[in-house]
Each structure stands twice: as C-alpha cells, then as structure tokens.
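*Asks:* I'd like to ask you about the structure that follows.
The values are calculated or read from the model by the stated rules, or taken from the named source; none is laboratory data. Since the model is a prediction, treat every value here as computed from it, not as a measurement. For neighbour counting, all protein chains shown are included, and Cβ atoms are generated from backbone atoms with ideal geometry for every residue, glycine included.
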C-alpha cells in the first residue's frame with residue numbers, strides 16, 4: 001500500500017504478486033477495492049497494480065485539480081515509482097479514459113489494453129448523446145441499480161450490498177466532482193485513433209444500460225484491430241457480476257500477446 005504524489009494529487013495504490021505487470025483501472029462507482037476478485041487470480045502469475053483514481057477512495061486532490069485528462073499521467077507516476085516499464089491495462093467504465101489515453105500517449109508502455117463496458121473517453125456525438133440520455137433516465141437511482149444487471153440484487157443480495165458499500169467509500173466524490181467528470185475537454189478526439197496499434201479487447205454485456213452493446217460495438221469499430229467479446233448475463237460490471245468468466249476472458253487475451 002503506497003502513495004505517489006503527482007499533478008496536485010496523492011494517488012493511493014497497491015502492488016500484489018510477481019511477474020509481468022497488469023494494472024486495473026476502476027470505474028466511477030468503484031476504487032481499488034473493486035478488483036477483489038481479480039487481484040488473487042492474476043497475482044498468481046503477474047505483478048498486479050490496483051489504485052484509486054484521483055479523489056476516489058483513498059486518493060486525494062483539491063476540486064480544482066480534479067481533471068480526468070490527468071488520469072494517464074497518474075498511472076505513469078505509479079509505474080515509474082514501481083520501476084515498471086510496460087504493463088497490461090485493464091479498464092472498466094470511467095477507467096477506460098485512463099487506459100486509452102495512456103496507450104495513445106505512450107504506446108511503448110502498454111502491452112495490451114482491455115476496455116470493459118467503456119467508450120474510453122472517445123469524443124463522438126453518438127456517445128455524448130447516449131451519455132446525456134442515460135444520466136437523465138437514471139437520475140436519482142443508486143449506482144448499484146444501474147451498474148448491475150436488473151435482477152442481480154435479488155440473485156445476490158450479499159454481493160449487491162458489497163458493491164454499493166465499495167461505492168460508498170468514495171466519500172469525496174461530490175456532485176461538484178461528478179459535474180467536472182462531464183468536462184468535454186478531458187475527452188479524446190477520435191482522430192487520435194488513426195494508426196493506433198496497441199492490441200485491444202473490448203468487452204460488452206447485454207444488460208449494460210450505461211454502455212449498451214451497440215455503443216461498445218461502435219467503440220470497437222473505431223479502434224484499429226480491436227477484438228470484441230460479449231459476456232452474457234451481466235450488466236455494466238461483469239468483472240464483479242461474473243468474475244470467473246471475466247478473468248478467463250482477460251487472461252486468454254493477455255496470454256496471446258507477445
């Protein structure tokens with residue numbers, strides 16, 4: 001458990017296991033604790049890095065220093081502190097902004113990229129329109145309700161409680177912070193994807209109401225060479241809802257890479 005200071009923030013992170021590095025970047029409903037079913041699995045063969053994005057969980061920064069365009073630099077600061085030259089990056093939802101920007105800014109440091117249930121921060125009218133509509137439709141709903149399959153709470157009330165409790169650890173994520181999360185200046189112009197060569201896997205789930213399969217298919221179509229896979233039965237958070245299938249899918253993709 002360590003802290004690295006970068007760009008006006010103190011970033012909390014953990015390192016587990018030994019081997020080729022793999023980093024997990026959480027979504028807006030989570031933090032480093034979200035990956036509790038991934039860390040033990042991957043730490044058997046990898047050096048696993050999990051962290052809290054700035055202002056989430058145990059990471060801190062002033063409101064004026066909360067800028068999602070700094071996420072990739074925060075990640076690089078962690079890698080530098082740990083002497084990691086190259087890593088696999090696994091992202092979920094908001095974390096896709098971290099991973100995709102990192103692969104664009106320093107492709108030599110990203111072995112491969114897994115984008116789960118995320119548009120990666122790509123600036124496109126169809127993505128913006130869907131995001132605005134989703135925020136309006138689910139305004140007032142708890143994050144657990146929209147980030148999991150509709151019947152998940154009834155099937156797994158204990159895990160539903162855990163999911164919402166992990167989300168509740170983000171005490172500093174105020175409405176003002178969430179408003180800054182919609183700043184278009186932190187988005188990635190799709191023209192930057194021209195010539196993109198980082199091996200990429202896009203994961204989607206049929207019951208994801210925040211980034212439904214149609215959106216993720218469009219994302220995969222924009223990223224040169226990207227593979228696409230659907231994990232049936234899950235909502236927005238397959239890493240949590242069906243961790244065995246998620247872990248095996250990620251591991252199979254990673255193991256194909258040089």
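*Asks:* Check off (1) closer than 18 Å to residue 169 by Cα; (2) in contact with a helix residue (DSSP H, G or I) (Cβ under 7 Å, 6 or more places away or on another chain); (3) in a loop (DSSP other than H, G, I, E, B) for residue 119 and give me the number that stays unchecked.
*Replies:* (1)
*Asks:* Hey, any hits in the stretch 215-229 for a residue that's over 24 Å from residue 105 (Cα atoms), over 15 Å from the mean Cα position of the chain (by Cα) and free of Cβ contacts under 8 Å to residues at least 60 places away in the same chain?
*Replies:* Taking every residue of the stretch 215-229 in turn, at least one turns out to be over 24 Å from residue 105 (Cα atoms), over 15 Å from the mean Cα position of the chain (by Cα) and free of Cβ contacts under 8 Å to residues at least 60 places away in the same chain.
*Asks:* Inside the stretch 230-258, can you point out the residues that are within 13 Å of residue 201 (Cα to Cα), crowded, with 19+ Cβ neighbours inside 10 Å and in contact (Cβ under 8 Å) with a residue 60 or more places away in the chain?
*Replies:* Once the filter is applied, which keeps residues that are within 13 Å of residue 201 (Cα to Cα), crowded, with 19+ Cβ neighbours inside 10 Å and in contact (Cβ under 8 Å) with a residue 60 or more places away in the chain, the stretch 230-258 yields 246, 250, 253, 254.
*Asks:* In addition: Could you figure out which of (1) in contact with a helix residue (DSSP H, G or I) (Cβ under 9 Å, 6 or more places away or on another chain); (2) farther than 16 Å from residue 27 by Cβ; (3) at pLDDT 95 or above isn't true of residue 126?
*Replies:* (3)
*Asks:* So is residue 8 over 19 Å from the mean Cα position of the chain (by Cα) and in contact (Cβ under 8 Å) with a residue 12 or more places away in the chain or not?
*Replies:* Answer is yes for this residue.
*Asks:* Can you tell which of 104, 75, 100, 79 is more than 15 Å from the chain's Cα centre (by Cα), in a helix (DSSP H, G or I), within 30 Å of residue 135 (Cα to Cα) and modelled with pLDDT of 95 or more?
*Replies:* Just one listed residue meets the conditions, 104.
*Asks:* I would also like to ask the following. How many residues are touching a strand residue (DSSP E or B) at 6+ places or on another chain (Cβ under 6 Å) and in a loop (DSSP other than H, G, I, E, B) when one looks only at the stretch 58-72?
*Replies:* 2
Residue-by-condition table, conditions (1) over 16 Å from residue 92 (Cβ atoms); (2) touching a helix residue (DSSP H, G or I) at 6+ places or on another chain (Cβ under 9 Å):
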site: 166; (1), (2): no, yes
site: 176; (1), (2): yes, yes
site: 189; (1), (2): yes, no
site: 204; (1), (2): no, yes
site: 215; (1), (2): no, yes
site: 227; (1), (2): yes, yes
site: 238; (1), (2): no, yes
site: 246; (1), (2): no, yes
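*Asks:* Continuing with the same structure: Sort out which residues of the stretch 17-57 are in a loop (DSSP other than H, G, I, E, B), more than 20 Å from residue 80 (Cα to Cα) and touching a residue at least 60 places away in the same chain (Cβ under 8 Å), and write them in order of number.
*Replies:* The answer is 27, 28, 29, 30, 31, 37, 38, 55, 56, 57.
*Asks:* If you don't mind, there's one more thing I want to ask. Filter the stretch 179-197 down to the residues that are under 17 Å from the mean Cα position of the chain (by Cα) and in contact (Cβ under 8 Å) with a residue 60 or more places away in the chain, then identify the one that is nearest to residue 37 (Cα to Cα). Walk me through it before giving the result.
*Replies:* Quick first cut of the stretch 179-197, residues under 17 Å from the mean Cα position of the chain (by Cα) only: 181-182, 186-188.
Subsequent filtering for residues that are in contact (Cβ under 8 Å) with a residue 60 or more places away in the chain retains 181, 186-188.
Working: 181: 27, 186: 30, 187: 30, 188: 30 Å.
Looking at residues that are under 17 Å from the mean Cα position of the chain (by Cα) and in contact (Cβ under 8 Å) with a residue 60 or more places away in the chain, I get 181.
*Asks:* Restricting the search to the stretch 106-142, which residues are out of contact with any strand residue (DSSP E or B) (no Cβ under 9 Å at 6 or more places or on another chain) and crowded, with 21+ Cβ neighbours inside 10 Å?
*Replies:* 119
*Asks:* For the stretch 199-211, how many residues are surrounded by fewer than 21 Cβ atoms within 10 Å (Cβ to Cβ) and either farther than 18 Å from residue 147 by Cβ or touching a residue at least 60 places away in the same chain (Cβ under 8 Å) (or both)?
*Replies:* 2
*Asks:* If you don't mind, there's one more thing I want to ask. Right, residue 146: under 23 Å from residue 52 (Cβ atoms), modelled with pLDDT of 95 or more and under 18 Å from the mean Cα position of the chain (by Cα) or not?
*Replies:* Details: under 23 Å from residue 52 (Cβ atoms): yes; modelled with pLDDT of 95 or more: no; under 18 Å from the mean Cα position of the chain (by Cα): yes.
Criteria not met by residue 146.
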